[in-house]
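*Asks:* Before anything else, here's the structure in question.
The values are calculated or read from the model by the stated rules, or taken from the named source; none is laboratory data. Bear in mind that the values here come from a model prediction, so they are computed numbers and not experimental data. Cβ placement follows ideal geometry from the backbone for every residue including glycine, while neighbour counts extend to all protein chains displayed. Areas reflect the complete protein model, heavy atoms only, side chains present, ligands, DNA and RNA absent. Shrake-Rupley method; radii C 1.70, N 1.55, O 1.52, S 1.80 Å.
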Amino acid sequence: MITPRFAVRQDHANVFVTIFAAHIRAQALEFDVDEYQFKFFASPYYLRLTFPGKVVEDESSTASLDASTGQISVTLAKQTPGEYFENLDLLSSLLATKRQRDHGLPNTTAADRKARPLIEDIVEGNAAASCTSEEQLAILQDEDFDWEISQTPISGDNDTSLLLTNVAYGFNNQYTGILAHAHDCGNDINVVPDPERMTIDQRRANRIATEDAKFDESYYIDNYINDEDILSLIRYKTRFFKILRGIQKAKAGVIRTDLPATRPASCAHEEQPTDGIELPQLSEAVEAWAEFTDKESAAMLDLPRKTHLVSDHQSIYLGLVDILFAYSLDHRINLGDSTVESPWTIGAVSSTLSTLEQFSALRPTIVACFRRALAYPLYRNWDLCEKVLEDVYVLFKLGLRAILKVLLDIKLMFDHHDAYYVYSKLYLDDYCVWLQTSATDKAIKSLAHKLHHFELEKDELGWHLEDFEDLALQTSESEGEEVESNEALADFGSSLPVPADHQELEHASGCLSEIVIPGSSSAIANDGQEASGAIKKKPLIEILD
């Protein structure tokens, strides 16, 4: 069966479903409404939507078909008029069954949770198996949750059987075999020598070793001294920053539609917080940004229909931080645009994608982000890394919708690459589904709070960055002193008395202006004087002698 393209919107009393199904007849349409679910069938199309609230089919419900465009318009009445149905534009969530939604979403009732199956798959020997998925979600929803709690991953040394069979990787450790021939397919992102055999600890040790080998202190010093281009990148304000500022100003009641289109000249020196977006247009821009584009909606429709039984929620959230850091770095250094190199940059900087890393705490996650950002991309600067971390905070502050739009953008980049498309299957598809069905706003806000107050010292990277910076400053000062010395010598030389032979040469040079070239207009004008013998000028050759 084919899942047709569709869109959903609502008003105070109704839900409106628009379905696009070409080449069907009105007589073949079948509809079914059952509380939370709406079903549509017209061979070869089938659509089942699960709403967050109950709908009913009454006398106000209608359905119409435009045969010329294949557009079917369905109106369903809400059982409780005035109830607001959240996230109707998160299409993957609507396509899930009610049982899948109840299993994935955290805001279910106790009765719903009791109705779930009594047996769930867990990873034997994993510390995460000691608490249930609901307990982990409850912990993550706590705004005071400590993201620095350290967890011990499964060690390959404790289970020799892992060395004899393929290990799992990817989102929630659910894939094997996908990267078996990565090195033969032009995959320049993957740096794991044997992804099908190496355990988590082995992959982490290999990641740290490759980062140490890739770090170039000369490159870092050069970017530290010659930072003109980098400073312009740091000053750049991303569109996400502008949107967040607009939302904050709208909530504070600062945005007024009666303001003039241009500011007074006396205010020209003040900061322009909207950076090119006039204040009367800002609220409209914020609202337009929150809507998914047709391309994004189509990408969500193509996502797999699946439910995730996540064993380690914290690792999933931290992997999201890692991927968003890599995206934010590429977004900033390209001034908001993507290039043909963007997939490689994102993949190389992200430890999750390039080394199949699984993090257990926030600090090691940020340390890995900074290490790779100072070892791989074009610009390698500590201040730039700190600015990118602020960009990640902005994304988490904007919430699930902004993060989903970013992940869809990354997915579209990777989908169109001959070798990197495998990362959509390994991570991006699952992250896009998981964000719509299982991720919680409280966990996202908790991470935003931690990122906003996060501080990282340079010595935590293990590369003696401050020593290199001191060396760079000393070198710069020495070069500056040398330049000043040369300038002083030049000034001293200009103050010395001019030798006699030099004075004669200057006098000779000054007399050149008095020379009249024979045959010129001046010579013709002075013929009379030369004839009378009043002034007789020497030829040029005699002056130079």
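*Asks:* Which net charge results for the neighbourhood of Ile178, defined as the other residues with beta-carbon distances under 11 angstrom from its beta-carbon, given Lys and Arg at +1 and Asp and Glu at -1? Show your work: numbers first, answer last.
*Replies:* Working: positive: Lys425; negative: Glu196.
Summing Lys/Arg as +1 and Asp/Glu as -1 gives 0.
*Asks:* Taking only C-alpha pairs under 8 Å that are 6+ residues apart, what is the relative contact order of segment 1-85 in percent? Before the final figure, lay out the partial values.
*Replies:* Values: 180 pairs, mean separation 29.0, N = 85.
Relative CO of segment 1-85 lands at 34 percent.
*Asks:* Want the number for Thr62 to Lys214: 0.36 nm per residue separation, take away the alpha-carbon distance, what's left? The partial results should precede the final answer.
*Replies:* Numbers: separation 152, 0.36 × 152 = 54.72 nm, distance 6.36 nm.
Full-extension gain reported as 48.4 nm.
*Asks:* Another question, if that's okay. With +1 on each Lys and Arg Cβ and -1 on each Asp and Glu Cβ, how big is the dipole of segment 1-102 about its Cα centre, in debye rounded to the nearest 20? Don't skip to the answer; put the middle values down first.
*Replies:* On the way: 10 positive and 13 negative charges, 77 e Å.
For this selection, approximately 380 debye.
*Asks:* Determine the order of His313, His12 by accessible area, beginning with the largest, at a probe radius of 1.4 Å. Walk me through the numbers on the way to the answer.
*Replies:* On the way: His313 10, His12 130 Å².
If we order His313, His12 from most to least accessible, we get His12, His313.
*Asks:* Which of the residue pairs Lys306/Lys411; Lys387/Lys458; Lys214/Lys445; Lys214/Lys397 have a Cα-Cα distance greater than 23 Å in the structure shown? Could you put the intermediate results ahead of the total?
*Replies:* Numbers: Lys306/Lys411 17 Å; Lys387/Lys458 15 Å; Lys214/Lys445 35 Å; Lys214/Lys397 33 Å.
Pairs exceeding the cut-off: Lys214/Lys445; Lys214/Lys397.
*Asks:* Select from segment 164-208 those trypsin sites (Lys or Arg not before Pro) which occupy a DSSP coil region and have at most 16 other Cβ atoms within 10 Å, ordered by residue number. Display every interim value, and only then the final one.
*Replies:* Details: sites: Arg197, Arg203, Arg204, Arg207; in loops: Arg197.
Passing both the DSSP loop test and the Cβ count: Arg197.
*Asks:* What FRET efficiency would be calculated for the residue pair Ala26, Lys425, taking the C-beta separation as r and a Förster radius of 56 Å, to the nearest 0.05?
*Replies:* Numbers: r = 39 Å, r/R0 = 0.70.
Step by step, r from the Cβ atoms, then E = 0.90.
*Asks:* Sticking with this structure for a sec: Ser297 versus Asp418, label points 7 Å from Cα toward the beta carbon: distance in nm?
*Replies:* Going by the 7 Å Cα→Cβ label model, 3.5 nm.
*Asks:* Just to confirm a number: summing +1 for Lys and Arg and -1 for Asp and Glu over residues other than His23 whose beta-carbon lies under 15 angstrom from that of His23, what do you get?
*Replies:* On the way: positive: Arg5, Arg25; negative: Asp66.
Cβ neighbours under 15 Å give a net charge of +1.
*Asks:* Taking a ≥ b ≥ c as the square roots of the Cα gyration tensor eigenvalues, with a/c under 1.5 meaning rounded and otherwise prolate when a/b beats b/c, else oblate, which class fits segment 315-424? Mind showing how you got there, number by number?
*Replies:* Working: a/c = 1.21, a/b = 1.14, b/c = 1.06.
It is rounded, given that a/c, with a ≥ b ≥ c, falls under 1.5.
*Asks:* Once you sort the root eigenvalues of the Cα gyration tensor of segment 186-247 as a ≥ b ≥ c, which label holds: rounded (a/c under 1.5), prolate (a/b larger than b/c) or oblate (the other case)? Don't skip to the answer; put the middle values down first.
*Replies:* Numbers: a/c = 3.34, a/b = 1.59, b/c = 2.10.
Since a/c reaches 1.5 but b/c is at least a/b, the shape of segment 186-247 is classed as oblate.
*Asks:* While we're here: If R₀ is 30 angstrom, what is the calculated FRET efficiency for the pair Ile225 and Leu456, using the beta carbon separation as r and rounding to 0.05? Show your work: numbers first, answer last.
*Replies:* Details: r = 22 Å, r/R0 = 0.74.
The pair Ile225/Leu456 has a calculated efficiency of 0.85.
*Asks:* Quick one: Cα centre-to-centre distance for segment 427-448 and segment 355-406, in angstrom?
*Replies:* If we compute the Cα centre of each part, the gap is 16 Å.
*Asks:* What is the gain in length, in nm to one decimal, between Glu390 and Asp11 on full extension, counting 0.36 nm per residue of separation less the C-alpha to C-alpha distance?
*Replies:* On the way: separation 379, 0.36 × 379 = 136.44 nm, distance 3.70 nm.
Gain in length upon complete extension: 132.7 nm.
*Asks:* Please work out how much length the chain gains when fully extended from Asp467 to Tyr236, using 0.36 nm per residue of separation minus the C-alpha to C-alpha distance, in nm with one decimal.
*Replies:* Details: separation 231, 0.36 × 231 = 83.16 nm, distance 2.86 nm.
Here the segment from Asp467 to Tyr236 would lengthen by 80.3 nm.
*Asks:* On a 1.4 Å probe surface of the protein chains, which of Asp222, Asp330, Asp188, Asp312 comes out largest in accessible area, and what is the full order? Write out the running numbers ahead of the final one.
*Replies:* On the way: Asp222 75, Asp330 5, Asp188 105, Asp312 35 Å².
If we order Asp222, Asp330, Asp188, Asp312 from most to least accessible, we get Asp188, Asp222, Asp312, Asp330.
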